[in-house]
Amino acid sequence: MKSWDSPTLPSLGTGGLVPSIFNSSSGELQPATVSDTAQMYVCGITPYDATHLGHANTYLAYDTLNRALRDAGIKVHYVQNVTDVDDPLLERAKSTGADWSQLAQTQIELFRTDMQALRILPPDEYIGVVETIQEIAEACKQLLESGFGYWVESEDGKADLYFDCRVAEQNSAWKLGEVSGLTPGEMIALFAERGGDPDRLGKRNRLDPLLWRAKRENEPSWSTTIGEGRPGWHIECSVIGAKFLDAPIQLSGGGSDLLFPHQEMSAAHSAALLGKRWSQCYSNAGMLHLDGEKMSKSRGNLVFVSSLLREGIDPRVIRLALLNHHYRSDWEWQQADLDHAKGRLNRWLNWSASRFQETKSTDSNFALVKAMRNAVSNDLDTPSALELVDWRVLSETPASAIELAAINALLGIELD
Ligand SMILES: [Zn+2]
């Protein structure tokens with residue numbers, strides 16, 4: 001499906017640094033790539049409550065990475081999915097009396113508008129599950145035929161396809177827990193909390209995830225080689241990822257609530273399908289809280305990007321408010337974040353307006369560019385990068401073209 005228009009991305013010339021990024025699986029920093037290319041897959045939204053600030057925070061984190069990689073001269077191939085058919089979407093449609101497909105389309109369009117307003121670089125491929133159903137069904141069939149899948153009968157006489165984690169551990173490049181680093185007990189608890197069904201009768205192992213759900217009354221379904229039904233959640237990312245990218249990719253990203261079971265199980269499916277490990281790095285953005293609780297659909301404590309924009313808030317203010325916190329930290333959203341970001345943007349704009357009509361930039365101008373590159377390449381340390389600009393603005397010497405270009409290219413804030 002179509003993504004959204006790309007903002008302009010100024011070139012800063014040579015000297016960009018390949019960023020180090022925290023790998024959730026190893027608990028260590030590692031170079032985002034060791035070659036001149038980077039393949040990046042970031043899990044997309046389930047389109048029924050888009051775009052809240054938690055979403056924006058996640059996509060902004062990988063936008064910052066994308067920008068840093070491009071500044072370092074790396075060719076980035078970026079893929080993102082849309083979970084445009086899944087239980088939470090169907091439940092929301094049912095509870096509000098909406099058509100699920102219409103709800104998804106409306107929310108995807110809102111997401112595009114918000115991403116464009118926030119100047120997030122679009123993925124090269126933006127792919128919905130609905131447009132990939134037949135390929136996902138083929139992958140499920142392959143997993144069944146190669147012994148990784150098995151049918152579980154339900155009381156209503158339907159048979160759903162599950163993935164056998166124990167078989168995968170014995171016959172693929174994946175080991176349970178290697179992505180998330182969790183203990184079995186922690187995994188069971190999170191599995192139930194995040195859409196899994198550890199207690200379903202007939203499963204071989206409690207953590208086995210659903211691959212394919214047979215057709216049920218009043219649920220959307222498609223006629224495929226594996227039967228009539230719809231895909232489970234984790235297999236979609238394995239199939240969409242492998243359709244466009246070559247394993248092992250450099251980075252699989254998403255909010256920290258996706259690490260288990262979603263990224264773990266997608267990695268398991270990929271290893272079983274491809275015969276090799278899926279990603280060299282699993283990266284996760286922190287969670288935003290509001291009134292002491294994680295911002296989430298189920299709790300209903302969401303702040304929407306579109307609502308803030310409707311109130312007349314400059315999208316650059318939202319961007320600055322989010323960039324002021326390290327992408328991996330969990331933090332509490334407050335009005336003070338917006339007020340602080342508004343003040344900062346005003347100071348920066350005043351400084352930008354004082355710009356010299358110079359013909360060439362001086363060494364001191366490049367000092368800021370270099371320092372910003374250092375900060376951003378250190379596991380996307382945007383709070384430090386913002387402070388560096390603050391200090392430059394305080395110096396009351398006029399802005400230069402290269403500094404404004406760096407603020408635009410690395411932080412996505414256009415001042416001129
Ligand atoms: Zn995913």
(request) Test Leu103 against the criterion of being in contact with a strand residue (DSSP E or B) (Cβ under 7 Å, 6 or more places away or on another chain) and of a type outside the set (Val, Ile, Thr), and give yes or no. (result) no
(message) Please count how many residues of segment 44-97 are farther than 22 Å from Leu29 by Cβ and of a type outside the set (Asp, Glu).
(response) 29
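Going by the conditions given, is Ser11 touching a residue at least 12 places away in the same chain (Cβ under 8 Å), of a type in the set (S, T, N, Q) and in contact with a Phe, Trp or Tyr (Cβ under 7 Å, 6 or more places away or on another chain)?
Working: touching a residue at least 12 places away in the same chain (Cβ under 8 Å): yes; of a type in the set (S, T, N, Q): yes; in contact with a Phe, Trp or Tyr (Cβ under 7 Å, 6 or more places away or on another chain): no.
In short, no.
Which of the residues belonging to segment 145-172 are in a loop (DSSP other than H, G, I, E, B), modelled with pLDDT of 95 or more and surrounded by 15 or more Cβ atoms within 10 Å (Cβ to Cβ)?
Looking only at segment 145-172, we keep the residues that are in a loop (DSSP other than H, G, I, E, B), and these are 146-148, 154-158, 164, 172.
From what is left, the residues that are modelled with pLDDT of 95 or more are 146-148, 164, 172.
Once the filter is applied, which keeps residues that are in a loop (DSSP other than H, G, I, E, B), modelled with pLDDT of 95 or more and surrounded by 15 or more Cβ atoms within 10 Å (Cβ to Cβ), segment 145-172 yields Phe148, Asp164, Ser172.
Looking only at residues in segment 351-369 that are in a helix (DSSP H, G or I) and loosely packed, with under 13 Cβ neighbours inside 10 Å, which one is modelled with the highest pLDDT? I'd like the intermediate steps shown before the answer.
Applying the first criterion (in a helix (DSSP H, G or I)) to segment 351-369 yields 351-353, 363-369.
With loosely packed, with under 13 Cβ neighbours inside 10 Å added as a condition, the list becomes 353, 363-364.
Values: Ala353: 92, Asp363: 76, Ser364: 76.
Restricting to residues being in a helix (DSSP H, G or I) and loosely packed, with under 13 Cβ neighbours inside 10 Å, the top hit is Ala353.
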(request) Answer with yes or no whether Arg206 is in contact (Cβ under 8 Å) with a residue 40 or more places away in the chain, of a type in the set (D, E, K, R), on the phi < 0 side of the Ramachandran plot and out of contact with any Leu (no Cβ under 9 Å at 6 or more places or on another chain). (result) no
(request) Could you check how many residues of segment 1-18 are surrounded by 12 or more Cβ atoms within 10 Å (Cβ to Cβ) and closer than 21 Å to Ala56 by Cα? (result) 5
(message) Pull out all pairs, ordered by first then second residue, where Cβ-Cβ is under 8 Å, the residues are six or more apart or on different chains, the first lies in segment 167-187 and is of a type in the set (Ser, Thr, Tyr), and the second is assigned to a loop (DSSP other than H, G, I, E, B).
(response) Ser172/Phe148; Ser172/Gly275; Ser180/Ser24; Ser180/Ser25; Thr183/Gly177
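Answer yes if at least one residue in segment 211-224 is within 16 Å of the ligand (Cβ to nearest atom) and either assigned by TED's automatic domain parsing to the domain that holds Pro88 or surrounded by fewer than 20 Cβ atoms within 10 Å (Cβ to Cβ) (or both), and no otherwise.
Initial filter on segment 211-224 (within 16 Å of the ligand (Cβ to nearest atom)): 211.
This time we only want the ones that are either assigned by TED's automatic domain parsing to the domain that holds Pro88 or surrounded by fewer than 20 Cβ atoms within 10 Å (Cβ to Cβ) (or both), so: 211.
Yes, segment 211-224 contains at least one residue that is within 16 Å of the ligand (Cβ to nearest atom) and either assigned by TED's automatic domain parsing to the domain that holds Pro88 or surrounded by fewer than 20 Cβ atoms within 10 Å (Cβ to Cβ) (or both).
From the list Ala68, Ala38, which one is under 21 Å from Ala409 (Cβ atoms), more than 16 Å from the ligand (Cβ to nearest atom) and assigned to a strand (DSSP E or B)? Give the steps one after another, and end with the answer.
Details: Ala68 fails: assigned to a strand (DSSP E or B).
Residue meeting the stated conditions: Ala38.
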(message) Being touching a helix residue (DSSP H, G or I) at 6+ places or on another chain (Cβ under 7 Å), assigned to a loop (DSSP other than H, G, I, E, B), of a type outside the set (A, V, I, L, M) and within 16 Å of the ligand (Cβ to nearest atom): is that true of Gly196 here?
(response) yes
(message) If a residue must be within 15 Å of the ligand (Cβ to nearest atom) and surrounded by 18 or more Cβ atoms within 10 Å (Cβ to Cβ), how many such residues does segment 82-100 contain?
(response) 6
(message) Of the conditions (1) assigned to a loop (DSSP other than H, G, I, E, B); (2) within 16 Å of the ligand (Cβ to nearest atom); (3) under 22 Å from Leu309 (Cβ atoms), Ala61 satisfies every one except a single condition; which number is it?
(response) (1)
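Within segment 33-66, take every residue that is acidic (Asp, Glu) and modelled with pLDDT of 95 or more and give me the one that is nearest to Gln102 (Cα to Cα).
Step one: filter segment 33-66 for residues acidic (Asp, Glu), giving 36, 49, 63.
Next, from what is left, pick out any that are modelled with pLDDT of 95 or more: 36, 63.
Working: Asp36: 41, Asp63: 28 Å.
Looking at the filtered set, the residue picked out is Asp63.
The rows are residues; the columns are (1) hydroxyl-bearing (Ser, Thr, Tyr); (2) away from the ligand (no atom under 13 Å from the Cβ).
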position	(1), (2)
Pro248	no, yes
Ser252	yes, no
Ser266	yes, no
Leu274	no, yes
Gly286	no, yes
Ser307	yes, yes
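Can we say Ala242 is within 16 Å of the ligand (Cβ to nearest atom), part of a loop (DSSP other than H, G, I, E, B), at pLDDT 95 or above and on the phi < 0 side of the Ramachandran plot? Walk me through it before giving the result.
Working: within 16 Å of the ligand (Cβ to nearest atom): yes; part of a loop (DSSP other than H, G, I, E, B): no; at pLDDT 95 or above: yes; on the phi < 0 side of the Ramachandran plot: yes.
No; evaluated as a whole, the condition is false for this residue.
Kindly evaluate Arg392 against the criterion of being surrounded by 15 or more Cβ atoms within 10 Å (Cβ to Cβ), touching a Leu at 6+ places or on another chain (Cβ under 6 Å) and either farther than 30 Å from Gly254 by Cβ or of a type in the set (Lys, Arg) (or both). Before you say what the answer is, go through the steps one by one.
Numbers: surrounded by 15 or more Cβ atoms within 10 Å (Cβ to Cβ): yes; touching a Leu at 6+ places or on another chain (Cβ under 6 Å): yes; either farther than 30 Å from Gly254 by Cβ or of a type in the set (Lys, Arg) (or both): yes.
Against the criterion (surrounded by 15 or more Cβ atoms within 10 Å (Cβ to Cβ), touching a Leu at 6+ places or on another chain (Cβ under 6 Å) and either farther than 30 Å from Gly254 by Cβ or of a type in the set (Lys, Arg) (or both)), Arg392 qualifies.
The values are calculated or read from the model by the stated rules, or taken from the named source; none is laboratory data. Here the structure is a predicted model, which means the values were calculated and not measured. Reconstructed Cβ throughout: ideal geometry from the backbone, glycine too, with neighbour counts over all protein chains shown.
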